[in-house]
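Taken together, the values in this text are just the output of simple stated rules run on the coordinates, not laboratory data. Please read these numbers as outputs of a predicted model, since none were measured by experiment. Cβ placement follows ideal geometry from the backbone for every residue including glycine, while neighbour counts extend to all protein chains displayed.
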Amino acid sequence: MKTGTLCTMLCLLSVTLLAQNIQMEGAKVSIGDQAKVGNVITGTGNDIKITQHITQNVLPKSQEFNTLQTEVASLREILAAKNKDLNDALAAGNTALVDYIRKDRDQRAQEFEAARQRLDVFKEDVIRLARTFERIPLNSERLREAKVLFQTGNFGGADALLQSAQMDRETDRLLQRREGLQQEITDVDSLLQIKSKEWLIKAEITKTRREHIHWVDSTQHYFEQSLACDRGGENQFQYALFLQHHKLLDEAIEQYQGAIAAFWAAGDSLDALFVQSNLAVIYQGRNELAKAEGIYLELIEHRKNIGDTLSQYHYFDLAVLKNNLGNVYRVQRKFA
């Protein structure tokens, strides 16, 4: 077989396969077949329903979608004509014309593929937008009107409704307002911290005025007012001591735990360890020995890590801690 004849047959085969491929691709976006576009979608049942609704009822009303479909169809026709011209040139054996048409055909094929991809991306974006409309609450008039316009295929109208310049101004005002409110909250928190200390002092003073009949109830109320203003380590600790003195141990334990967390959060490790030692004493007195043991072991470990810098504090003296732990072990009969 001659080389020229072989090349001609291969070129004809290549063009035929390309034409078949173009026809298969074109079937995905054929004009007048919009109801089928996008139906082969994987996802939840609701997603499939949304996809079907968009492809059947929304996209056909969209000017943008129809423009893209028309462009794809037009380019498909042009490409088919170029393929026919190329076949004719190959059949005539006109090598110069074949090269010229093939180059033009390849350019048209690229344009067709680009247009087809634009159409696919447009459909995907519209379906994704429909899903977003379904997920978010439509809690503004703009959003409700935008969805109505979207459902009628008027994407440009929906876009125009959401005016960016006006929304920018509204957003700026809201952000400024939030910043002002945050500053106001910061100022109020500072004032509440001051008020918390005033209530704390009020509670401490009332504790000394035992000649009043309701001094206990009043003191408890003042402590709770202090905590309502600010749950700091100091007022929780003082309230815990008061509750412990009046045998309200469950409430005292809760306040001790809050005080420990607050002191640790504030970086006041010394105060946190001091409160932990008080909590251990309560657990020991309630015969909750495992909890007391855990705290004493933790305190001893802290003491070893810190060294002798805090040994002047009685509650953090290593000998005292070991003695307290020994008492727990004796009750538990853990003579280790």
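Worth pointing out:
- Available extension along the chain between N94 and Q117 is 4.9 nm, counting 0.36 nm per residue and deducting the alpha carbon span.
- Pairwise FRET efficiency - M167 versus K197, Cβ, R0 = 45 Å, nearest 0.05: 0.50
- L97 sits among other residues whose Cβ lies under 10 Å from its own Cβ, and their net charge, with Lys and Arg +1 and Asp and Glu -1, is -2.
- Two-site FRET efficiency, R144 against N287, from Cβ-Cβ distance with R₀ of 45 Å, rounded to 0.05: 0.10
- Counted by Cβ distance under 12 Å from A266, the other residues give a net charge of -3, where Lys and Arg count +1 and Asp and Glu count -1.
- Segment 156-274, relative contact order in percent, only Cα pairs under 8 angstrom and at least six apart counted: 17
- Most tightly packed first, judged by the mean number of other beta-carbon atoms within 10 Å of their residues, the peptides 92-99, 164-171, 325-332 read 325-332, 92-99, 164-171.
- Sorted peptide list for 46-52, 181-187, criterion being average Cβ within 10 angstrom, highest first: 46-52, 181-187
- Debye log10 I(q)/I(0) for segment 181-332, one point scatterer per Cα, at q = 0.10, 0.17, 0.18 Å⁻¹: -0.43, -1.00, -1.06
- Using the Cβ-Cβ distance between S190 and L248 with R0 set to 35 Å, the FRET efficiency from 1/(1 + (r/R0)^6) comes to roughly 0.65.
- Subset of K82/K147; K195/K247; K202/K247 violating a 31 Å alpha-carbon distance limit: K82/K147
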